[in-house]
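A.B. asks: Have a look at this one.
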Amino acid sequence: MIDSFVIYSGQESLSATLAALRSSEIVDECFVMNTTGAEVKAEGCTTLAVDSLTSTAAIKAIAEASKSKYTLIYANHDVLK
């Protein structure tokens with residue numbers, strides 16, 4: 001199983017990307033990494049407030065949150081298809 005971490009870059013693209021991830025049988029949990037401070041609506045996901053996507057604190061937050069054997073960090077702002 002894979003824990004997935006997705007960058008928040010707007011509600012519409014986030015919703016579409018999460019739907020694509022959830023349709024996969026190998027994705028266990030989804031997390032949203034938010035640097036904007038905006039309210040994120042992602043039912044069934046945990047939101048991680050991070051200062052920067054490349055900071056040591058963000059990587060540590062991912063390492064602490066991920067419980068699966070594999071981790072996906074989707075750092076693209078386009079919708080995952």
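The values are calculated or read from the model by the stated rules, or taken from the named source; none is laboratory data. Every value quoted in this text rests on a predicted model; they were computed, and no experiment measured them. Methodologically, a virtual Cβ is constructed for each residue, glycine included, from the backbone with ideal geometry; neighbour enumeration extends over all protein chains shown. Each accessible area value is taken on the protein alone, full model and side chains, heavy atoms only, with ligands, DNA and RNA left out. Shrake-Rupley method; radii C 1.70, N 1.55, O 1.52, S 1.80 Å.
A.B. asks: Select from the range 1-56 the residues that are farther than 19 Å from L80 by Cα, open to solvent by less than 60 Å² (accessible area, probe 1.4 Å) and not polar (S, T, N, Q) and list them in ascending order.
C.D. replies: Initially, the range 1-56 is screened for residues farther than 19 Å from L80 by Cα, giving 35-39, 48-52, 54-56.
Imposing the further condition that a residue be open to solvent by less than 60 Å² (accessible area, probe 1.4 Å) reduces the set to 38, 48, 50, 52, 55.
Of everything in the range 1-56, those that are farther than 19 Å from L80 by Cα, open to solvent by less than 60 Å² (accessible area, probe 1.4 Å) and not polar (S, T, N, Q) turn out to be A38, L48, V50.
A.B. asks: Continuing with the same structure: Which one of the conditions (1) in a loop (DSSP other than H, G, I, E, B); (2) out of contact with any Phe, Trp or Tyr (no Cβ under 6 Å at 6 or more places or on another chain); (3) of a type outside the set (K, R) does V40 fail to meet, given that it meets all the rest?
C.D. replies: Status for V40: all satisfied but (2).
A.B. asks: Now, a different point. Output the residues belonging to the range 46-81 that are among the hydrophobic types (A, V, I, L, M, F, W, C) and assigned to a strand (DSSP E or B).
C.D. replies: Here is the first cut: in the range 46-81, the residues among the hydrophobic types (A, V, I, L, M, F, W, C) are 48-50, 53, 57-59, 61-63, 65, 72-73, 75, 79-80.
Of everything in the range 46-81, those that are among the hydrophobic types (A, V, I, L, M, F, W, C) and assigned to a strand (DSSP E or B) turn out to be L48, A49, L72, I73.
A.B. asks: A follow-up question, please. If you check S9 against the conditions, is it touching a His at 6+ places or on another chain (Cβ under 6 Å) and not aliphatic (A, V, I, L, M)? Write out each step before concluding.
C.D. replies: Values: touching a His at 6+ places or on another chain (Cβ under 6 Å): yes; not aliphatic (A, V, I, L, M): yes.
Against the criterion (touching a His at 6+ places or on another chain (Cβ under 6 Å) and not aliphatic (A, V, I, L, M)), S9 qualifies.
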